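No lab work stands behind these numbers, since they all come straight from the coordinates. Quick caveat, the model's predicted, so the values are computed rather than measured. Don't worry about glycine lacking a Cβ; one is built from the backbone with ideal geometry, like all the others, and counts go over all protein chains shown.
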Amino acid sequence: MFRFSEYKLRNFNFRIVILIAALCTIGFLILSSAMANDADRDATLQKQLMGFGIGAAAMIFFAPMDYHFIMKIAPLVYIGMLVLLGVILIPGVGTSANNATRWLNLGFMQIQPSEFAKIGVIMVFASFFMANRERISKVVTVGTSLLLFAVPAAMILAEPDLSTTLVITFIFLSMIYVAKLSYKWIFGAVAVAVPTAGAMLYIAMQPGQTLLKGYQLNRILSWLYPDQYKSTGLTQQQDNSVLAIASGQLHGKGLNNTSFESVKNGNFLSEENCDFIFAVIGEELGFIGSVIVIALLAFLVVECFRMAAKAKDLSGRLLCVGMGALLAFQTFVNIGVASKLLPNTGLPLPFISAGVSSLLSIFIGMGVVLNVGLQRKTKSDF
């Protein structure tokens, strides 16, 4: 499981560790400022520090763990993922908030199983596609992979958690593409998906539809037709976010500022510690600070893809691509929602937003990426 004697220190990717440390530091400072007026500020910051500590320990644990061992126990990972997702759907077991049941109360802390499912999906399909690499485009292989994916996706969607369902869908599609699925399948899927998506959107906008929850449909419609929904208050959350980002201008208003002109200080921002934390970044760090945060996250995604290119085998490549896809998609959606480029939905900004489950799951994934790097191809392998 651990192969310390076979690893070489020069293969360890210190750039990933430095990038993560920088993001966590910025994230804690931003979170501290974002919650300056909140009654539960100290408790949230303590949880976030705990998340950093446990997450870092998890990354250190998984970094020397041979990722091939994880590939061997992938069936157990899949079963464990389904058990966690299934438990919270049992009436009276899962913890509900905002009309969704997504959390499991362990007594000393709450965890969000769907966050760990993201990493589980990466591990499971890295193993599956590796085992079936010679027959990846066979009907049986594609059908089996879709079935394996559909089960956890349906359970997450039932919480309901559409945004996380979209995340794991993007991860799955990225991984199956890198596994070299035939272009016949890809073009065929696109030819079916585009008109199907259009038809589903049309159906979702009809009275009495059941495809989307009421709040999900309202978020989409208020984004498409903001002028018509402005009086309902449905656009206010994103409008205030855009205002905060714009007000930061080039240099920002500064962390923990007491300006009366601050959108955050006026309590006009909601979910500023998580889904809309980029609005605080824009307002307090300005354009320059926003670009720095985006650049750090982009460099981290690039490092994942670099490790994928140097991976010793397909499973290692898929693990790195899956993590890169996860980080890229969540970053794009979080910032897209905060800047009103996308409909309102809830996804954390990696290493920045509050949330122990999100932190811990991504730290685990990055630990696995570090191990792939430790076993990277060398000149002697060519």
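Using Cβ point charges alone (K and R +1, D and E -1), the dipole size of region 19-376 about the Cα centre works out to roughly 1240 debye.
Placing dummy labels 7 Å off each Cα toward the beta-carbon, the span from residue 1 to residue 22 is 3.5 nm. The label-point distance for residue 201 and residue 218, in a model that sets each label 7 Å from Cα toward Cβ, rounds to 2.2 nm. Ordering of 329-335, 38-44, 167-173 by packing is 329-335, 167-173, 38-44, highest average first (other Cβ atoms within 10 Å, averaged per residue).
Multiply the residue gap between residue 57 and residue 228 by 0.36 nm, knock off their C-alpha separation, and tell me the result in nm, one decimal place.
Values: separation 171, 0.36 × 171 = 61.56 nm, distance 4.95 nm.
Net length gain for the segment: 56.6 nm.
Under 5 Å from the amide H of residue 102 lie the amide H atoms of 95, 97, each residue being 5 or more positions distant or on a separate chain, with H modelled from the backbone and absent for Pro and chain starts.
What FRET efficiency comes out for the pair residue 82/residue 140, r = Cβ-Cβ distance, R0 = 22 Å, nearest 0.05? Walk me through the intermediate numbers first.
Values: r = 22 Å, r/R0 = 0.98.
The formula returns an efficiency of 0.50 here.
Each peptide in 211-221, 294-304, 110-120, 196-206 gets a packing score, the mean of other Cβ atoms within 10 Å over its residues, and the list from highest to lowest is 110-120, 294-304, 211-221, 196-206.
Relative contact order for region 232-321: what percent, with Cα pairs under 8 Å and sequence separation of 6 or more? Please report the intermediate quantities before stating the final value.
Numbers: 99 pairs, mean separation 24.9, N = 90.
Reported as a whole number, the value is 28 percent.
Using +1 on the beta carbon of Lys and Arg, -1 on that of Asp and Glu, and nothing else charged, what's the dipole of region 208-364 about the Cα centre, debye to 20?
Details: 10 positive and 10 negative charges, 95 e Å.
Dipole of region 208-364, to the nearest 20 debye: 460 debye.
For the charge dipole of the chain, defined by +1 on Lys and Arg C-beta atoms and -1 on Asp and Glu C-beta atoms about the Cα centroid, which residue among 369, 237, 55 has the Cα displaced farthest towards the positive pole? Of the options given, the answer is 369.
Give, rounded to the nearest 20 debye, the magnitude of the charge dipole that region 246-330 has about its Cα centre when Lys and Arg contribute +1 at Cβ and Asp and Glu contribute -1 at Cβ.
The dipole magnitude comes to about 500 debye.
Taking all Cα pairs closer than 8 Å and separated by 6 or more residues, the relative contact order of region 196-267 comes to 15 percent. Comparing 298, 354, 288 along the charge dipole axis of region 284-360, the residue lying farthest to the positive side is 298, per the Cβ-charge model.
Give me 272, 283, 134 sorted ascending by neighbouring Cβ count inside 10 Å, so fewest comes first. If you can, show how the numbers build up before the last one.
Numbers: 272 29, 283 32, 134 8.
Ascending Cβ contact count within 10 Å gives the list 134, 272, 283.
Here the contact order of region 19-376, divided by its residue count and restricted to Cα pairs under 8 Å and six or more residues apart, works out to 28 percent.
Within the set (1) 1.01; (2) 0.96; (3) 1.42, the number that Cα Rg over 2.2 N^0.38 Å takes when calculated for this structure is listed as (1).
The phi-based Karplus calculation (6.51 cos²θ - 1.76 cosθ + 1.60; θ = phi - 60°) puts the 3J(HN,Hα) values of region 271-277 at 6, 6, 8, 9, 5, 10, 5 Hz, whole numbers, x for Gly and Pro.
Extending 7 Å from Cα along the Cβ direction at residue 41 and again at residue 251 yields two label points whose distance is 2.4 nm. Of interest is the spacing of the C-alpha centroids, which for region 146-219 and region 81-144 amounts to 16 Å.
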